[in-house]
Structure formats: structure tokens, C-alpha cells
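Since the structure comes first, as C-alpha cells, the remarks are kept for the end.
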Amino acid sequence: MSAAGMIAEARRWIGTSGRPNKITKEYASRHGDEFLRASWCDMAITYWARHSGNTSAVLPGGDRAYTVWHAQDFQKAGRWHSGTTAGVNQAKPGDIVFFDWGATNVIGAIDHVGVVEKVLGGGRLQTIEANTGDAVKRRVRNSSVIAGYGRPAYGGGNWTEDIVKKLPELNKGDSGEHVQSLQGLLMARSHPEITMTGRFDDATEAAVKAVQRWGGVDVDGVVGPKTWPVLLRVH
């Protein structure tokens, strides 16, 4: 399993247009003819994963044609990252990126999906997407329309360690995009009482301490090099 294999498979399809097509036909062969002419952005992700040997990494919940369920699969696996500018800057090629044209980071509002080909910085990603203008195309997207992204379990390398090195220590009273990313991770860790305000308030501190107790690290409410890995841990 590899991100490079996933991206290579997606690149092979650039220029494909119209439906039904080979992607929708294969999905329909497993799930019913209603998918022959349905929106196919996530069917393409499913196809590319299956044909690049990345099924379990990219599809933790199995085949997906509905983007909301696919994003929820990553969230349940502890591999969901918020679409804030800070969060998007931590994306990697091969990540599965989800979009909300209404410009929220709410999973239930997701409209579209693609695969990250390149991280451009400044909250921008170069992607490969299907069903964009009813075709497979490269796009450049920014964090304003990125709801978040899933980090497939491709294997190899310590991606958690790489991310933690770039993250700041956060304390109660801090604010900004890194706090918003923290709050998104807390929500993914079954803390629905948290909202993504970008303010490290009392509720955020209480949720951090609960996660620290669960993770077996010092319960001090400070999000640093010992707590970030717990928040990012796959389980």
C-alpha cells in the first residue's frame, strides 16, 4: 500500500469524462444500476484505491459513493483532520480531501472529494478529482472550501512524529487556527460538546484532560509533544 500508487492510479484517469463510464460501471456491478449515472467523485476514489492495492487504507469502511459516510469512516478510525488553513498545511500527497462548497468544516455538509497530489502551502492543495465538470481533472483548492481530509493508513514512516514536530504547544487562553484544529481532533475523539471556536476555553481544557487520561499521559491540560500524538493516534 502506498500514497504514490494511489496518486499514480488517479493520474491515469485524468481526462476521463461522461457517465456511465468504467468507474461507475464497476461500482454499479457491486452495488446496483442506480450508480451508473450517479455522482461519481467518491466512486472514483473507491476505484483508484481498489486498483492500486490501497483498499483497506483508503476505504476503512468499505466501498463508498457517498462522501459524508466516507469522511465519517476516517473520523471513526481517528484519521480525520480539519480543513482549517493550519490543518490543510499539514496534508500529504495521497490524503483524501473532502470539500464543502458552503465553506464549513462540518462533515455532514460535505459535497465532494478528491485525492491530494501536491501541498502548495498557504492552505492550498493541488488535487485530482472525478466528477468535476463530469470529468477527472486536476484542481487547486484552498482551505475555504476544504472541510477536512482523511489520512489513509498507507504504512511506512512515522507520519505522526513528522506532524507533531511542526505543531506548537497550546494552553488555556490561546486562540487561532491551531486551537481550531485541536478542537476538531477533540470532536473526532468523541467530545461533541466541543465547538470549533478557535479559543482554548474551559470546555476545551476539560476535553484535553479527558483525552490525556485516556492516553496515559500527564493530565495537565497542556497540548504539547506528549498530547498531540494521543490526539492523532489511530485506534
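Of note:
- Pairs linking a residue in the range 129-154 that is under 20 Å from LEU59 (Cα atoms) to a residue that is among the acidic types (Asp, Glu) and in a strand (DSSP E or B), with Cβ atoms under 9 Å and 6 or more positions apart or on different chains, are VAL136/GLU129.
- Within the range 47-82, the residues that satisfy the criterion of being among the basic types (Lys, Arg) and part of a helix (DSSP H, G or I) are ARG50, LYS76.
- The one condition in (1) surrounded by fewer than 20 Cβ atoms within 10 Å (Cβ to Cβ); (2) more than 18 Å from the chain's Cα centre (by Cα); (3) of a type outside the set (Asp, Glu); (4) not in a loop (DSSP other than H, G, I, E, B) that VAL140 fails to fulfil: (2)
- Residue within the range 177-194 that is among the hydroxyl-bearing types (Ser, Thr, Tyr) and at pLDDT 90 or above present: no
- A count restricted to the range 16-41 and to residues that are out of contact with any strand residue (DSSP E or B) (no Cβ under 7 Å at 6 or more places or on another chain) and in contact (Cβ under 8 Å) with a residue 40 or more places away in the chain stands at 5.
- Failed item, numbered, when LEU182 is tested on (1) more than 15 Å from the chain's Cα centre (by Cα); (2) of a type outside the set (Val, Ile, Thr); (3) part of a helix (DSSP H, G or I): (1)
- Taking (1) crowded, with 16+ Cβ neighbours inside 10 Å; (2) outside any strand (DSSP E or B) in turn, LYS166 satisfies each apart from (1).
- Residues considered: ALA28, ALA44. Of these, the only one that is of a type in the set (A, V, I, L, M, F, W, C) and over 17 Å from THR132 (Cβ atoms) is ALA28.
The values are calculated or read from the model by the stated rules, or taken from the named source; none is laboratory data. Keep in mind that this is a model prediction, so the values were computed, not measured. Cβ: placed from backbone, ideal geometry, glycine included. Neighbour counts: every protein chain shown.
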